[in-house]
1. Going highest first, how would you order 53-62, 90-99 by mean Cβ packing within 10 Å?
2. Calculate the spin-label point distance for Glu91 paired with Glu26, positioning each point 7 Å from the Cα along the beta-carbon direction, and give it in nanometres.
3. Which order, highest average first, do 106-112, 152-158, 122-128, 135-141 follow once you tally other Cβ atoms within 10 Å for each residue and take the mean per peptide?
4. Please compute the modelled spin-label separation between Lys102 and Lys38, points set 7 Å along Cα→Cβ, answer in nm with one decimal.
5. Using the alpha-carbon centroid of each, what span in Å lies between segment 112-155 and segment 38-85?
Amino acid sequence: MLKGMLFFVVLLFFGCEAKKSGLIPEKLEESYIQATRKTELIAKGNTQVVVIATHLNEYDSQKYSRDEGEVFFLDIYEANGKRNILKNGYELTLNNGVKPTKITQLKKRDLEGLILQNATQWGEYYRIEFPKQDKRTQDRLMLILSHKDFGENTLRFGFKKITRP
């Protein structure tokens, strides 16, 4: 009985300690992780561009309503150091061929919260807006990054969110 009680106390202590130390993500952090994807375009064995994209509608559905369209945050780094990456031959589309309605380049000072905490220090940041998509497209949502010389890669966002009981 004493061993069982001691085991329970130790388990409780470590469980609380893990929560305080940040080992267990908070609900907002978990949502951010689930809504974020990373891809690279590689040509001739070298990474040309690295893209980390967060589907803001999935990350924070209250702030970014799907009724207003699909919104993404992109953190992009091009290996050769070029700036204004999305104006240098790169193209973004959704899997149904829809192009962005608005691309806004952001400065690091414009970022906030988890997006600021997770932004790379060497990247360029963009807010990409697409028109509202139908439910079928939303369930299979993919963001396609392509370049005429480096090919294309797909970031898959169409998934059912994991819900906790």
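Values in this text are rule-based calculations from the coordinates and carry no lab data. Just so you know, these numbers come straight off a predicted model, no measurement behind them. When we count neighbours, we look across all protein chains shown, and the Cβ atoms used for this are built from the backbone with ideal geometry, even at glycine.
1. Result, highest mean first: 53-62, 90-99.
2. It is 4.2 nm.
3. Averaged packing, sorted descending, gives the order 122-128, 152-158, 135-141, 106-112.
4. Between Lys38 and Lys102, the simple spin-label model gives 3.0 nm.
5. 4
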